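J.: I'd like to ask some things about the structure below.
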Amino acid sequence: MVTEAKRRTAAGSAVSLLILEVFRLNGRLIGAGDRLVAGLGLSSARWQVLGAAALAPTPEPVAHLARGMGLNRQGVQRIANELAAEGFLAFEDNPHHRRAKLVVLTDKGRAAFAAADRLQAPWVNGLGEGLDAHDIAAAGRILAALRDRLGEEGAGEE
């Protein structure tokens, strides 16, 4: 009997192991992020949405922010609504779409994002300590390439 593992190429097996490691890493990142920004009234998910709005070159609707984060619009909308209710974000009229409001940071949101960034810098520096910056960059390129392939229509389907 041929098992699934025997049908994988060497690269396919390596990608499978990498995906499992990314899942494990994601869980730990969420927990660490939650602890890091809890004192700011944020969670990892709220920080991510706040960051997407903060780093967008211009105000964008929730659907665009969600797409850029690789998340579904409904989940991002729920978090954006919470952040708006607490004064971190605001919704403004969108001249291109009547119903899709633009997400903008408030002064409170900018301050929270800046504070999170100050907390994150020493934390991430500690994570990177002893690792080679070129290896980290190579890992990033591989993950980006896999993300791009998953974004292609029908990727991985036979």
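J.: Determine, yes or no, whether Ala90 is assigned to a helix (DSSP H, G or I), small (Gly, Ala, Ser), without any contact (Cβ under 8 Å) to a residue 24 or more places away in the chain and within 27 Å of Ser43 (Cα to Cα).
T.: When the stated conditions are applied, Ala90 does not pass them.
J.: Hey, another quick one. Given the structure, is Leu50 over 16 Å from the mean Cα position of the chain (by Cα), closer than 24 Å to Arg35 by Cβ, of a type outside the set (Lys, Arg) and assigned to a helix (DSSP H, G or I)? Talk me through it step by step, then tell me what you get.
T.: Values: over 16 Å from the mean Cα position of the chain (by Cα): no; closer than 24 Å to Arg35 by Cβ: yes; of a type outside the set (Lys, Arg): yes; assigned to a helix (DSSP H, G or I): yes.
It is false that Leu50 is over 16 Å from the mean Cα position of the chain (by Cα), closer than 24 Å to Arg35 by Cβ, of a type outside the set (Lys, Arg) and assigned to a helix (DSSP H, G or I).
J.: Give the range 1-42 a look and list any residue that's modelled with pLDDT under 95 and among the basic types (Lys, Arg), or say none.
T.: Passing the criteria: Lys6, Arg7, Arg8.
J.: Right, something else. Looking at the range 60-76 only, could you name the residues that are more than 22 Å from Gly31 (Cβ to Cβ), in contact with a helix residue (DSSP H, G or I) (Cβ under 8 Å, 6 or more places away or on another chain) and crowded, with 18+ Cβ neighbours inside 10 Å?
T.: Glu60, Val62, Leu65, Ala66
J.: Could you list all residues from the range 103-137 that are surrounded by 10 or more Cβ atoms within 10 Å (Cβ to Cβ), hydrophobic (A, V, I, L, M, F, W, C), more than 19 Å from the chain's Cα centre (by Cα) and farther than 18 Å from Arg28 by Cβ?
T.: Ala111
The values are calculated or read from the model by the stated rules, or taken from the named source; none is laboratory data. Note that the coordinates shown come from a computational prediction; the quantities given were computed from them, not determined experimentally. Virtual Cβ from ideal backbone geometry, glycine too; neighbours counted across all protein chains shown.
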